[in-house]
Amino acid sequence: MKRIFTSLAAVGLALAVYAADGNTSVAGTPLRVIPIPENIELEQGVFTVPEQGMTCYIEGEQTEDLTAYLRHFPLKCTRVEKAGKADVVIKITDRKPRKGEAEDGRTAEGYSLQITPKRITIRAAGEAGAFYALQTLLQMTEEGRNRRLVCCTVDDRPRFVYRGLHFDVSRHFRSKEFLMKQMDAMALLKLNKMHLHLTNGTGWRLEIDRYPRLTEFAAWRPNRSWMDWCEAGTRYCEQDTPGAYGGYYTKEDIRQLLAYAEERHIQVIPEIEMPGHSEEVLTAYPELSCTGEPYRHSDFCVGKEATFTFLENVLTEVIDLFPSEYIHIGGDEAGKGSWKTCPDCQRRMKEEGLKDVDELQSYLIHRIEAFINSKGRKMIGFDEILQGGLAPNATVMSWRGTEGGIKALKSGHDVIMTPGSTCYLDYTQDAPFKEPVSIGGYSPLEKVYGYEPVEEGLTEEEADHLLGLQGNLWSEYITEDDHAEYMYYPRAFAIAEIGWSRPEQKEYEDFRNRSLGLIDLLRAQGYTTFDLANEYGERRESLAPLEHLGRGCRVIYNLPYSPQYPAAGETTLTDGICGGWTYGDRKWQGTLEDFDVTVDLGKVQPVHYVGATFMHSPGAWVHVPQKVEVSLSVDGKTFTPAGTAWCDIPDDVPKLLLKEYGTVCQGEARYVRVHAVKNPRPGAWLFTDEIVVN
């Protein structure tokens, strides 16, 4: 049941108040806030924000961060010493959780907000709750543009303790000013975790005193564009090289970021990637790789003790700098290939009784976790850290779907959900033909908003280990800051509401309307956002069944499809269902081989056209075929060529495209063979959704 209680009379009153000014929206109420508060009661009356600004009284201990924030609060708010003279009274009780409440920070983030004609009163158990009440006020006033607030009472607290956004500053460096700007938006949305992906093969972004080559050399490359850098051979360069692109945060930069984050009740979580994605380290310090050769390896050598000396030294400096409860160690996509032949790795495996390289990776993860725990911190890793056995206290960030997260929950581990299909914000959010370049995929606002982290089948005890969720934006194709903002907003709104509000409160149309208002607010503050008002939406052909001669006919696979992308199996290509904008929608069928099938029409009949649509999404290694050959047969044995359609899309076109290969035929046939010759690039995928015969 939706826990928003409001009378029709009160809503009517709110509308009437604004109708007098020609405004018929429910402005000035918490009904427009994102994330939607837990309980709302609208009441009679209006509080008018004074033109000269408000006065504020704060009661409670340990209010330094709140006092500092109020100095630059967008609504002018002057502190006074007596509650009776204040427009806004903030009471911080510092109360402990009630019986049955989890001691996980959510109590301190909750608040009550009461607006009467004469005064605004905020009550909270901690500074964070009072801060979030102020963010609710900010949205209600549209950052001060609206001075009339409908009287109401709001009782609110978050659903999850972890509500995060991820910033990939390795592939493309972002200034501290950019990150501070995003913290303001995060605070408005009540998001409380900023995950900084500081290291990757594309660049090291944090000053480490003991290892200066990480920032003198491994933080710089000769190409601004990630794609150009890859084409040029992924080489690094010295900081003083003319045209060098990159950057890093000094320790003073980080201290400034952390102070800014603390005022906004945001925890900044640093990530130091290991054991894979470490090409930049292993080129700056090649002795940490299996062969000691630069530009050859991406995985640390787990067999060398020097690797652990390096990692522990780096983590010591990171832990000394960041007060975060968590340290993220990545752990994803390690190739492990060199470990199989490396004498040091093989010696380590023998000494430790490890049966394979997965257990060798687990050895590193266990050892690093023990070190992090010894410093009083907790470790987070992507779900690959499950391979070979999960470290005892590790928190799992589940990105390859939710299976890894569910497995970790059932084993009693804390989990943060960030499944790629819904929480990866580097996927395009609208029709690719109108969107900027992205890595591929399709994740519109409605799809993100529809994600529910607590899956059926979890016990209450298992679900208690689900800390929350995070939106991830990887920036291979996102060079510019305004492009990054465009990808975050409004989808970060959905991440925020899923993390804060109760699932029974979620209604997409209402959320979309609120998002349109918040988009206007962010744009007025200088943010770049997606144009939700003019959203094109899903591929039109995928919205209704397609009728043709081949629909429902048997398909004979001369070459098999990949079990990784089966779609609907052997009925996929003639079920009349066209795919959408992403190959992951279970309507596109994929193969790493040529595509070669025969459609049995059931009887001999005239055939005038044969066609199939293929996908081009180079960021995901999906390429259209070189050519598609169509041939016809009466008996299924002797086939006569009917036509060939050729590729006319250059390989280097970065955007997602859908290419229809069709040929006009003149003949009669029962059997129609379609053979697509794949792109010769190693690892290239072929995806198609329907063979159309008419």
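The values are calculated or read from the model by the stated rules, or taken from the named source; none is laboratory data. Everything quoted here is computed from the prediction, not taken from an experiment. No Cβ is skipped: glycine too gets one built from the backbone with ideal geometry, and neighbour counts run over all protein chains shown.
Of the residues 381, 388, the single one that is surrounded by 24 or more Cβ atoms within 10 Å (Cβ to Cβ) and not in a helix (DSSP H, G or I) is 381.
When the stretch 610-621 is filtered for residues that are crowded, with 16+ Cβ neighbours inside 10 Å and either under 32 Å from the mean Cα position of the chain (by Cα) or aromatic (Phe, Trp, Tyr) (or both), the ones remaining, listed by number, are 613, 614, 615, 616, 617, 618, 619, 620. Among the residues of the stretch 136-168, which ones are of a type in the set (Val, Ile, Thr) and not in a strand (DSSP E or B)? Answer for the stretch 136-168, where residues must be of a type in the set (Val, Ile, Thr) and not in a strand (DSSP E or B): 136, 141, 161.
With the condition being within 14 Å of residue 133 (Cα to Cα), out of contact with any Leu (no Cβ under 8 Å at 6 or more places or on another chain) and of a type in the set (Val, Ile, Thr), I'd like the strands (runs of 3 or more DSSP E) fully within the stretch 51-96 carrying at least 1 qualifying residues.
Details: elements: 54-59, 77-79, 88-92.
Filter on the stretch 51-96 gives 88-92.
Scanning the stretch 583-632 for residues that are over 18 Å from residue 541 (Cβ atoms) and part of a helix (DSSP H, G or I) gives 618, 619, 620. Restricting attention to the stretch 430-484, the residues being of a type in the set (S, T, N, Q), modelled with pLDDT of 95 or more and within 21 Å of residue 532 (Cα to Cα) number 2. Give just the number: which of (1) over 30 Å from residue 490 (Cα atoms); (2) part of a loop (DSSP other than H, G, I, E, B); (3) touching a strand residue (DSSP E or B) at 6+ places or on another chain (Cβ under 8 Å) does residue 578 not satisfy? Failing condition for residue 578: (1).
Can you tell me which residue within the stretch 577-599, out of those that are touching a residue at least 60 places away in the same chain (Cβ under 8 Å) and surrounded by fewer than 16 Cβ atoms within 10 Å (Cβ to Cβ), is nearest to the chain's Cα centre (by Cα)? Spell out how you get there, then give the answer.
Narrowing the stretch 577-599 to residues touching a residue at least 60 places away in the same chain (Cβ under 8 Å): 577-585, 587-599.
Retained after the next criterion (residues that are surrounded by fewer than 16 Cβ atoms within 10 Å (Cβ to Cβ)): 592-594.
Details: 592: 27, 593: 31, 594: 33 Å.
In this case the residue turns out to be 592.
Might you let me know whether the stretch 375-394 holds any residue that is of a type in the set (S, T, N, Q) and out of contact with any helix residue (DSSP H, G or I) (no Cβ under 7 Å at 6 or more places or on another chain)? There is no residue in the stretch 375-394 that is of a type in the set (S, T, N, Q) and out of contact with any helix residue (DSSP H, G or I) (no Cβ under 7 Å at 6 or more places or on another chain).
Scanning the stretch 43-81 for residues that are touching a residue at least 60 places away in the same chain (Cβ under 8 Å) and either outside the structural domain of residue 126 (by TED's automatic domain parsing) or of a type in the set (Phe, Trp, Tyr) (or both), we see that the one that is surrounded by the fewest Cβ atoms within 10 Å (Cβ to Cβ) is 73.
The rows are residues; the columns are (1) modelled with pLDDT of 95 or more; (2) touching a Gly at 6+ places or on another chain (Cβ under 8 Å); (3) not charged (D, E, K, R).
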{"site": "162", "(1), (2), (3)": "yes, yes, yes"}
{"site": "166", "(1), (2), (3)": "yes, yes, yes"}
{"site": "172", "(1), (2), (3)": "yes, no, yes"}
{"site": "183", "(1), (2), (3)": "yes, no, yes"}
{"site": "186", "(1), (2), (3)": "yes, no, yes"}
{"site": "205", "(1), (2), (3)": "yes, yes, no"}
{"site": "212", "(1), (2), (3)": "yes, no, yes"}
{"site": "217", "(1), (2), (3)": "yes, no, yes"}
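Tell me which residues, restricted to the stretch 496-553, are of a type in the set (A, V, I, L, M) and in a loop (DSSP other than H, G, I, E, B). Let's see the steps before the verdict.
Narrowing the stretch 496-553 to residues of a type in the set (A, V, I, L, M): 496, 498, 516, 518-519, 521-522, 524, 532-533, 543-544, 546, 549.
Within the stretch 496-553, 544, 546, 549 meet the criteria.
Taking only the stretch 455-474 into account, find how many residues are part of a loop (DSSP other than H, G, I, E, B) and touching a helix residue (DSSP H, G or I) at 6+ places or on another chain (Cβ under 6 Å). Walk me through it before giving the result.
Within the stretch 455-474, the first condition is being part of a loop (DSSP other than H, G, I, E, B), and the residues that meet it are 455-459, 464-465, 474.
Going one step further and asking which of them are touching a helix residue (DSSP H, G or I) at 6+ places or on another chain (Cβ under 6 Å), we end up with 465.
Within the stretch 455-474, residues that are part of a loop (DSSP other than H, G, I, E, B) and touching a helix residue (DSSP H, G or I) at 6+ places or on another chain (Cβ under 6 Å) number 1.
Quick check on the stretch 26-42: of everything there that is over 26 Å from the mean Cα position of the chain (by Cα) and hydrophobic (A, V, I, L, M, F, W, C), which residue is surrounded by the most Cβ atoms within 10 Å (Cβ to Cβ)?
Applying the first criterion (over 26 Å from the mean Cα position of the chain (by Cα)) to the stretch 26-42 yields 26-31, 39-42.
Right, trim to hydrophobic (A, V, I, L, M, F, W, C) and you get 26-27, 31, 40, 42.
Values: 26: 20, 27: 22, 31: 22, 40: 21, 42: 25.
Checking each candidate, the answer is 42.
Remark: pairs (first residue in the stretch 517-541, exposed (fewer than 12 other Cβ atoms within 10 Å of the Cβ); second residue among the hydrophobic types (A, V, I, L, M, F, W, C) and not in a loop (DSSP other than H, G, I, E, B); Cβ separation under 7 Å; 6+ apart in sequence or on different chains) = 533/516.
Checking the condition touching a strand residue (DSSP E or B) at 6+ places or on another chain (Cβ under 9 Å) and either assigned by TED's automatic domain parsing to the domain that holds residue 178 or of a type in the set (D, E, K, R) (or both), which residue from 317, 312, 252, 287 passes?
Working: 312 fails: touching a strand residue (DSSP E or B) at 6+ places or on another chain (Cβ under 9 Å); 252 fails: touching a strand residue (DSSP E or B) at 6+ places or on another chain (Cβ under 9 Å); 287 fails: touching a strand residue (DSSP E or B) at 6+ places or on another chain (Cβ under 9 Å).
Residue meeting the stated conditions: 317.
May I ask you to verify whether residue 302 is touching a Cys at 6+ places or on another chain (Cβ under 7 Å), crowded, with 21+ Cβ neighbours inside 10 Å and not polar (S, T, N, Q)? When the stated conditions are applied, residue 302 passes them.
Show me the helices (runs of 4 or more DSSP H) found entirely inside the stretch 295-377 where at least 1 residues are free of Cβ contacts under 8 Å to residues at least 24 places away in the same chain and closer than 30 Å to residue 265 by Cα.
Working: elements: 305-321, 343-352, 357-374.
Here the list reads 305-321, 357-374.
Within the stretch 119-130, the residues that satisfy the criterion of being at pLDDT 95 or above and surrounded by fewer than 24 Cβ atoms within 10 Å (Cβ to Cβ) are 119, 120, 121, 123. For the stretch 305-362, the tally of residues that are among the charged types (D, E, K, R), surrounded by fewer than 16 Cβ atoms within 10 Å (Cβ to Cβ) and within 19 Å of residue 255 (Cα to Cα) stands at 2. Here is the figure for the stretch 414-454: residues that are buried (at least 17 other Cβ atoms within 10 Å of the Cβ), charged (D, E, K, R) and not in a loop (DSSP other than H, G, I, E, B) total 1. Summed over the stretch 40-97, the residues that are in contact with a Ser or Thr (Cβ under 7 Å, 6 or more places away or on another chain) and of a type in the set (Ser, Thr, Tyr) give a count of 2.
For the stretch 519-546, taking the residues that are out of contact with any Phe, Trp or Tyr (no Cβ under 8 Å at 6 or more places or on another chain) and aliphatic (A, V, I, L, M), the one that is farthest from residue 35 (Cα to Cα) is identified as 546.
For the stretch 213-232: of the residues being of a type in the set (Gly, Ala, Ser) and under 22 Å from residue 287 (Cβ atoms), which is surrounded by the fewest Cβ atoms within 10 Å (Cβ to Cβ)? Break it down into steps so the answer makes sense when it comes.
Just the residues of the stretch 213-232 that are of a type in the set (Gly, Ala, Ser), to begin with: 218-219, 225, 232.
Pick out the ones that are also under 22 Å from residue 287 (Cβ atoms) and you get 218-219.
Working: 218: 26, 219: 28.
Looking at the filtered set, the residue picked out is 218.
Among the residues here, residue 389 does not qualify as free of Cβ contacts under 8 Å to residues at least 24 places away in the same chain and on the phi > 0 side of the Ramachandran plot. If only residues of the stretch 131-166 that are touching a strand residue (DSSP E or B) at 6+ places or on another chain (Cβ under 8 Å) and of a type in the set (Gly, Ala, Ser) are counted, the one that is surrounded by the fewest Cβ atoms within 10 Å (Cβ to Cβ) is 133. Annotation note: of 263, 271, 280, the sole residue that is in contact (Cβ under 8 Å) with a residue 24 or more places away in the chain, in contact with a strand residue (DSSP E or B) (Cβ under 9 Å, 6 or more places away or on another chain) and closer than 23 Å to residue 181 by Cα is 271.
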